[in-house]
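This report refers to the structure that appears directly beneath it.
The values are calculated or read from the model by the stated rules, or taken from the named source; none is laboratory data. This structure is a prediction, so every number in the text was calculated from the model and none was measured. Note: areas computed on protein heavy atoms with side chains; ligands, DNA, RNA excluded. Shrake-Rupley method; radii C 1.70, N 1.55, O 1.52, S 1.80 Å.
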Amino acid sequence: MRCMRIAVLAGITVAASTAALALPAQADIPARHHTPAAQCEYPADVLDLTNWKLTLPTGEDEDPTDITQPDLATFSAKPWFQVTGDCDAVQFRSAVNGVTTGGSSYPRAELREMTDDGEEEAGWSTSEGTHTLVVKEAFTALPKEKPHLVGAQIHGGDDDVTVFRLEGSKLYITDGDDAHHHLVTDDYELGTEFEAKFVARNGKIDAYYNGERETTISSDGDGNYFKAGAYTQANCDNSDPCDDDNYGEVHISSLKVTHS
């Protein structure tokens, strides 16, 4: 049975509002064609979320809020998960004081890949078939003191396999525990949209940035799945102030997964 658990905490309001918010450390993003609000009331009106579930940085200790289908199709949680004011992207925000999962000390507002119209958790092998994630996103805010944020990843059974990770102005592609495996750019500017792409096949993962292959990672494992959103790599132990106004944020305008 599916259920939608929504914790009413300081800083969270579940609503369909698309009102613009004051964002610290947010870059000026060029205005785009405005879509009437009625056409993008929920994030699922902007992104195809059929085969995803959402984890928010709210809830109880080590038990964050999860939203699954069909509830995710008509769900919005200001400011953690909502459409942008111009209706061309979805805002994912995770504050340093957010609730974390039992397996991580960092909070997230992040999608997890599912199957069967959101009924089952995805899990695939890098050595069987071809598995591709393409996401267009922009990092729009970083936490203070430890400005580290993950925007897309392949996760294995127990840990992340590879991620797109921003540290200040340096954008990296990781390889397991090697957070600095490959430097994509050292002058990333907040608000700059880019295309991140993972292609997993034949025991390897090719990682692309704006259509160019950046690195290939060896990975021969089962139980893999894609994730996308704002996985803030900071918490109240290493980032101050410890409140809702200190956060990592990502805007995603396009999200596509294929398996063949």
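For this structure, a couple of remarks:
- If you sort ASP160, ASP186 by accessible surface, 1.4 Å probe, largest first, the order is ASP186, ASP160.
- Distance from segment 53-123 to segment 161-190 (C-alpha centre basis), Å: 22
- What the Cα atoms of the chain give is an Rg and a Dmax of 17.0, 47 Å.
- Subtracting the Cα-Cα distance of SER169 and GLU62 from 0.36 nm times their residue separation leaves 35.5 nm of extension gain.
- Cross-link table LYS146/LYS227; LYS53/LYS144; LYS78/LYS170, entries beyond 25 Å C-alpha to C-alpha: LYS53/LYS144; LYS78/LYS170
- The gain in end-to-end length when the SER218 to THR50 segment is fully stretched comes to 57.5 nm, 0.36 nm per residue minus the alpha carbon separation.
- Placed amide H near THR215: partners under 5 Å, 5+ positions off or other chain: ALA207
- Rolling a 1.4 Å probe over the protein heavy atoms leaves GLU214 with an accessible area of roughly 50 Å².
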